[in-house]
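Engineer: Before I ask anything, let me first share the structure, which is written out below as structure tokens.
The values are calculated or read from the model by the stated rules, or taken from the named source; none is laboratory data. From a predicted model like this one, the values you see are computed outputs, not experimental measurements. Heads up, the Cβs are rebuilt from the backbone with ideal geometry, glycines too, and the neighbour counts pull from every protein chain shown. With ligands, DNA and RNA removed, areas are computed over all heavy atoms of the protein, side chains included. Shrake-Rupley method; radii C 1.70, N 1.55, O 1.52, S 1.80 Å.
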Amino acid sequence: MDDDNSTRSLSRALREIVAAGSPGDRLPSVRALQDAHGVSPLTVQSVVRELSAEGLVVARPGSGTFIARALAPHALADTSWQQAALGGHTPHDISNTLALFTKPAAGVIRLTGGYLDESLVPTAALSASMNRALRRPGTWGRSPLEGSESLRQWFAREIGGVDASNVIVTSGGQAALSIAIRALTRPGEAIVLESPSYTGAISISRSYGLDVAPVPVDDRGMRTDLLAGILERTNARVVLTQPLFANPTGTTMAAERRAELMRIAERYSVFVIEDDYAHDLAIERGAPASLASNDPHGHVVHIRSLTKPIAAGLRVAALTAKGAAYSRLRSAKSLEDFYVAGPLQEAAADFVNSPAWTTHRRRVSAELGVRRDALVASLVDKLPELAITVRPRGGMHVWARLPDGFDDVTVTAAALAEGVAVTAGRAWFPAEPDGGHLRLTYGETPALEIPEGVDRLARAIAGLRG
Ligand SMILES: Cc1ncc(COP(=O)(O)O)c(C=O)c1O
């Protein structure tokens, strides 16, 4: 594989050719670029793809790659009327959540993200499942609002403690979170979120006008000793938790805290939304059972996503609840989008019921283990000043505390300038962060790239020390 310097220098050289040339000019051939820059054909193709995606060049198979024609200038639209129509009441700023979708430039090593990278997506098996799904009668028809029966049954068996009638299929875990929070709260009420917590959940809560009440997390999960006081002070009726391999901290909630959380939920009559987003991303055996599997009285609203462990494009998740809460969630979901597209549900059901699912899970678990170990070992070796209190037993993220005096946003910018993307920790705190943190993700980064990524981060931090 070519190093990033040669990729970057090829990208620079081609951009210079485009800037100096005219539309329709032919770029040098792949072979000429290979020879001139000492890179492989794959690197040339990947840089050409990048330029083509930016609209700078057009590749014509068999003829070569050409400088793109400049687009005809559009008459500038006058959309100023919209400012009056939209008014000054701007919605909650969700830039932290949108930032999760920023794509780093070519050559930058990603220690960011939240989905499996291409190399771990079971493309062939998923395509086979989709082909079978498309041949099944009724796939293109109307799905039940709650989702396909076979998928609901599968989720119910997997989750335990619920049956298919408790399951609603949603289009990804984000939609499930959004529906659950909206259906179980009213604007102006409080919601208890772990601190730190998933930034997307903080955005959802704020955008519905909820008052976010943080409960701190330590290396054993939510500080349940503080929960009763928070519920009494805020009257919150909903507590959101990620008890397994939490994003961002990697923490798994300890058994006695799980039991205490459920006791408090019963005593205060509150709902516990259990975001089990990383259930199928376990690296080590022995993960505790979900809260939902031991919830006889319907306090737990459970979320389980297939997007995380299978493919970013498989937007399928389950939202489960019991009693009247189920009806509320079902209504809220139906208002949103009626039902998830039949072909996607059928393909997901086919895949998880096939032997490919077990093979895939084993592969993902083994590979995530290799990546996690590479990341933790490199950090310990090259950045011992970063404090890592939890070595995650699953999931995709390592949470690291920066030494005193370092600002997470400054470090993140310096790291990007060195060619590694990491995530500043502050967006994961519902209120003021207690110190600077970085979230370092290994789920999207092949293990071989991780040590180089950490080297770049170490250089950035050393540079800031001056
Ligand atoms: C903790 C957590 N919950 C939910 C989601 C949403 O996931 P999905 O892709 O299933 O919508 C994410 C995505 O990053 C997440 O990290």
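Engineer: Take Ala356 and decide whether it is at pLDDT 95 or above, surrounded by fewer than 24 Cβ atoms within 10 Å (Cβ to Cβ), within 16 Å of the ligand (Cβ to nearest atom) and closer than 30 Å to Leu440 by Cα.
Structural biologist: Details: at pLDDT 95 or above: yes; surrounded by fewer than 24 Cβ atoms within 10 Å (Cβ to Cβ): yes; within 16 Å of the ligand (Cβ to nearest atom): no; closer than 30 Å to Leu440 by Cα: yes.
No: the conditions fail for Ala356.
Engineer: A further question on this structure: Can you go through His297, His302 and tell me which one is in contact with an Asp or Glu (Cβ under 8 Å, 6 or more places away or on another chain), modelled with pLDDT of 95 or more and more than 15 Å from the ligand (Cβ to nearest atom)? Even if it seems obvious, please write down each step before you answer.
Structural biologist: Working: His302 fails: more than 15 Å from the ligand (Cβ to nearest atom).
Residue meeting the stated conditions: His297.
Engineer: Within the bounds of segment 221-231, is there any residue that is of a type outside the set (A, V, I, L, M) and within 16 Å of the ligand (Cβ to nearest atom)? Please lay out each step first, then the result.
Structural biologist: Going residue by residue through segment 221-231, those that are of a type outside the set (A, V, I, L, M) are 221, 223-225, 229.
With the extra rule that they be within 16 Å of the ligand (Cβ to nearest atom), the set shrinks to 221.
Yes, segment 221-231 contains at least one residue that is of a type outside the set (A, V, I, L, M) and within 16 Å of the ligand (Cβ to nearest atom).
Engineer: Moving on. Sort out which residues of segment 393-439 are basic (Lys, Arg) and touching a strand residue (DSSP E or B) at 6+ places or on another chain (Cβ under 6 Å), and write them in order of number. Let's see the steps before the verdict.
Structural biologist: In the first step, residues of segment 393-439 are kept if they are basic (Lys, Arg); the result is 393, 401, 426, 439.
Hits for segment 393-439 are Arg401, Arg439.
Engineer: Give segment 315-339 a look and list any residue that's within 13 Å of the ligand (Cβ to nearest atom), assigned to a loop (DSSP other than H, G, I, E, B) and open to solvent by less than 10 Å² (accessible area, probe 1.4 Å), or say none.
Structural biologist: Residues of segment 315-339 that are within 13 Å of the ligand (Cβ to nearest atom), as a first pass: 315-319.
Those still in the list that are assigned to a loop (DSSP other than H, G, I, E, B) too: 315-316.
Correct list: Val316 only.
Engineer: Could you identify the single residue in Leu368, Leu386 that is touching a residue at least 40 places away in the same chain (Cβ under 8 Å) and over 20 Å from Leu281 (Cβ atoms)? Steps first, please.
Structural biologist: On the way: Leu368 fails: over 20 Å from Leu281 (Cβ atoms).
Leu386 is the lone residue from the list that is touching a residue at least 40 places away in the same chain (Cβ under 8 Å) and over 20 Å from Leu281 (Cβ atoms).
Engineer: Search segment 110-165 for residues being open to solvent by less than 60 Å² (accessible area, probe 1.4 Å) and β-branched (Val, Ile, Thr), and hand back the single one that is farthest from the chain's Cα centre (by Cα).
Structural biologist: Per the criteria, the residue is Thr139.
Engineer: Got a sec? Which helices (runs of 4 or more DSSP H) wholly within segment 186-293 have at least 2 residues that are in contact with a His (Cβ under 6 Å, 6 or more places away or on another chain)?
Structural biologist: Details: elements: 199-207, 227-234, 255-268.
So the answer is 199-207.
Engineer: Give segment 170-192 a look and list any residue that's touching a Phe, Trp or Tyr at 6+ places or on another chain (Cβ under 8 Å) and away from the ligand (no atom under 12 Å from the Cβ), or say none.
Structural biologist: Once the filter is applied, which keeps residues that are touching a Phe, Trp or Tyr at 6+ places or on another chain (Cβ under 8 Å) and away from the ligand (no atom under 12 Å from the Cβ), segment 170-192 yields Arg182, Leu184, Thr185, Pro187.
Engineer: Let me ask something additional. List every residue pair whose Cβ atoms lie under 6 Å apart, where the two residues are 6 or more positions apart in sequence or sit on different chains, the first residue falls within segment 266-279 and is at negative phi and open to solvent by 10 Å² or more (accessible area, probe 1.4 Å), and the second residue, located anywhere, is assigned to a strand (DSSP E or B) and near the ligand (Cβ under 10 Å from one of its atoms).
Structural biologist: Asp275/Ile303; Tyr277/Ser305; His279/Arg304
Engineer: While we're on this one: Can you name every residue in segment 113-143 that is within 16 Å of the ligand (Cβ to nearest atom) and assigned to a loop (DSSP other than H, G, I, E, B)?
Structural biologist: The answer is Gly113, Gly114, Tyr115, Leu116, Asp117, Val121.
Engineer: Just to be sure before I move on: is Ser195 within 16 Å of the ligand (Cβ to nearest atom) and open to solvent by 10 Å² or more (accessible area, probe 1.4 Å) in the structure I sent? Can you show your working first?
Structural biologist: Working: within 16 Å of the ligand (Cβ to nearest atom): yes; open to solvent by 10 Å² or more (accessible area, probe 1.4 Å): yes.
Taking the combined requirement at face value, the residue satisfies it.
Here's the yes/no breakdown for (1) in the same structural domain as Arg220 (by TED's automatic domain parsing); (2) touching a residue at least 60 places away in the same chain (Cβ under 8 Å); (3) in contact with a helix residue (DSSP H, G or I) (Cβ under 9 Å, 6 or more places away or on another chain); (4) crowded, with 22+ Cβ neighbours inside 10 Å:
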residue: Leu291; (1), (2), (3), (4): yes, no, yes, yes
residue: Asn294; (1), (2), (3), (4): yes, yes, yes, no
residue: Ile303; (1), (2), (3), (4): yes, yes, yes, yes
residue: Ala311; (1), (2), (3), (4): yes, yes, yes, no
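Engineer: Pull up segment 96-107, narrow it to residues that are open to solvent by less than 60 Å² (accessible area, probe 1.4 Å) and out of contact with any Asp or Glu (no Cβ under 8 Å at 6 or more places or on another chain), then point me to the one that is farthest from Ser52 (Cα to Cα). I'd like the intermediate steps shown before the answer.
Structural biologist: Taking segment 96-107 first, the residues open to solvent by less than 60 Å² (accessible area, probe 1.4 Å) are 97, 99-100, 104, 106-107.
Adding the requirement that they be out of contact with any Asp or Glu (no Cβ under 8 Å at 6 or more places or on another chain) leaves 97, 99-100, 104.
Details: Thr97: 28, Ala99: 23, Leu100: 24, Pro104: 16 Å.
Among them, the one singled out is Thr97.
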